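Values quoted throughout were computed directly from the atomic coordinates according to the rules given, and no laboratory measurement underlies them. Quick caveat, the model's predicted, so the values are computed rather than measured. Quick reminder, even Gly has a Cβ in these numbers, built from the backbone with ideal geometry, and neighbours come from all protein chains shown.
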Amino acid sequence: MKRLKTVAIVGVGLIGGSIGLALRERKLAERVIGIGRRQGSLRIARRVGAVTNTTIDLAGGVAEADLVVVCSPVALIVEHVRTAAQAMPEGALITDAGSTKQQIVAELEGALPPGRHFIGSHPLAGSEKTGASNAQADLFQGRIAIVTPSAANSAQEYDAISEFWQGLGSVVVKMPPEEHDRAMGMISHLPHLAASVLSATVPEQYFRLAGTGLRDTTRLAAGDPELWRQIVSTNRKNILTAIEQYGNKLAGLHSAIRDGDMDAVKEILTRGKNNRDALGS
């Protein structure tokens, strides 16, 4: 990846802050401008070294950017991309880090001023922790970054965004937006919702007895409920499909236990173990 003069990051929380740290540590940008709504969050981003400059003025922050990375909550990405596109230089690129893509790409396709182009991204990295104070320069190292170009994007634009994520250490996978959302509904959104429901099911009087099993299984439930409400809202169809498939498997286990069919129980557990082992550590 060639060194960029100015990268603007809209939203410098865990993901945006980690992008900034990676850019600065790898010397891939002369300036990294952090853009946010609260001065307190921007001060944290400066303190951890994720950015060189900060502002609460989105339009002003992107005015000289070669690349804008929008790391806002998914419900705000379209609005922030449109605002940035009005103020950024002609020829600059915009990408995002949202965990849903189809709705965002559809709303932005053909909607930006001439010479300003958006191409969707989703780095598969992060945790239930939030904020720039938890940012890591190596967060993307060896992790997949999905890039979701539309028919409006050129090969050069795709290459530029791919090189950006590769420069941060990611392995880039190209995927249509609708396929991305189907995959995330199953491998990301369903696990979070399952963890949340499990956590909500355990009676409070048993909390003091809980060991690592329950804590590990429900770790994802610690994520920000409002951010996840937005994700569910923008990927409802795929999430419903994933829940239905999970529900069918759970119903099969319920029936096997109810009927005392321990061979069926073992078969389900074995299939689960084998699939988990195949995922690796």
- [ ] Provide the per-residue ³J(HN,Hα) series for the range 50-55, in order, calculated from phi with Karplus coefficients 6.51, -1.76, 1.60 and θ = phi - 60°, each as a whole number of Hz, with x at glycine and proline positions.
- [x] 6, 9, 9, 9, 9, 7
Task: For V172, residues with placed amide H under 5 Å, excluding near neighbours - done: A145
- [ ] Just grab the label-to-label distance for E79 and A111, each label 7 Å out from Cα along the Cβ direction, in nm (one decimal).
- [x] 1.2 nm
Task: Cut-off 11 Å, label 7 Å out along Cα→Cβ of R26, residues of the range 53-72 by amide N - done: none
TODO: Could you let me know the centre-to-centre spacing of the range 168-185 and the range 30-51, using Cα atoms, in angstrom?
DONE: 28 Å
Open item on the list: I need H192, H180 ordered by Cβ neighbour count within 10 Å, fewest first.
Closed with: H192, H180
Task: Gaussian network model of the chain, Cα within-10 Å springs - most flexible of G247, G61, G120 - done: G247
Task: Nearest 10 degrees, 0 to 90: helix 225-234 Cα axis against the chain principal axis - done: 90 degrees
- [ ] Specify the residue with the greatest mean-square fluctuation among A145, A200, A50, computed from a Gaussian network of the chain linking alpha-carbon atoms under 10 Å apart.
- [x] A200
Task: Per-pair calculated FRET efficiency, R0 = 25 Å: D259 and R215 via Cβ, rounded to 0.05 - done: 0.20
- [ ] Assign one of three labels to the range 179-279, namely rounded, prolate or oblate, based on the Cα gyration tensor with a ≥ b ≥ c the square roots of its eigenvalues; rounded applies when a/c is under 1.5, prolate when it is not and a/b is larger than b/c, and oblate otherwise.
- [x] oblate
Open item on the list: Connecting C-alpha atoms closer than 10 Å in a GNM of the chain, tell me which of V48, V74, V32 has the biggest fluctuation.
Closed with: V48
- [ ] Give the total of Lys-Lys pairs in the chain with Cα-Cα distances below 21 Å; include a pair only if its members are 8 or more places apart or on different chains.
- [x] 8
Task: Nearest 10 degrees, 0 to 90: helix 155-167 Cα axis against the chain principal axis - done: 70 degrees
Open item on the list: Can you tell me the length gained on complete extension of the stretch S281 to L269, counting 0.36 nm per residue apart and subtracting the Cα distance?
Closed with: 2.5 nm
Task: Spin-label pair A152/E178, simplified geometry with 7 Å Cα→Cβ offset, distance in nm - done: 1.8 nm
Task: 3J(HN,Hα) from dihedral phi, the range 27-40, Karplus parametrisation 6.51/-1.76/1.60, rounded to Hz, x for glycine, proline - done: 6, 9, 8, 6, 10, 10, 9, x, 10, x, 9, 10, 4, x
Task: the range 138-152 - phi-based ³J(HN,Hα) in whole Hz, Karplus 6.51/-1.76/1.60, Gly and Pro as x - done: 9, 4, 9, 4, x, 9, 6, 10, 8, 10, 10, x, 9, 4, 7
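Run the dipole for the chain about the Cα centre, Lys and Arg Cβ at +1, Asp and Glu Cβ at -1, nothing else charged, and hand back the magnitude in debye, nearest 20.
760 debye
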Open item on the list: Pairs of alpha-carbon atoms within less than 8 angstrom and 6+ residues apart define the contacts here; what relative contact order does the chain have, in percent?
Closed with: 16 percent
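What is the chain by shape, rounded, prolate or oblate, if you read a ≥ b ≥ c off the alpha carbon gyration tensor as root eigenvalues and call it rounded for a/c under 1.5, prolate for a/b larger than b/c, and oblate otherwise?
Because a/c hits 1.5 or more and a/b exceeds b/c, the chain counts as prolate.
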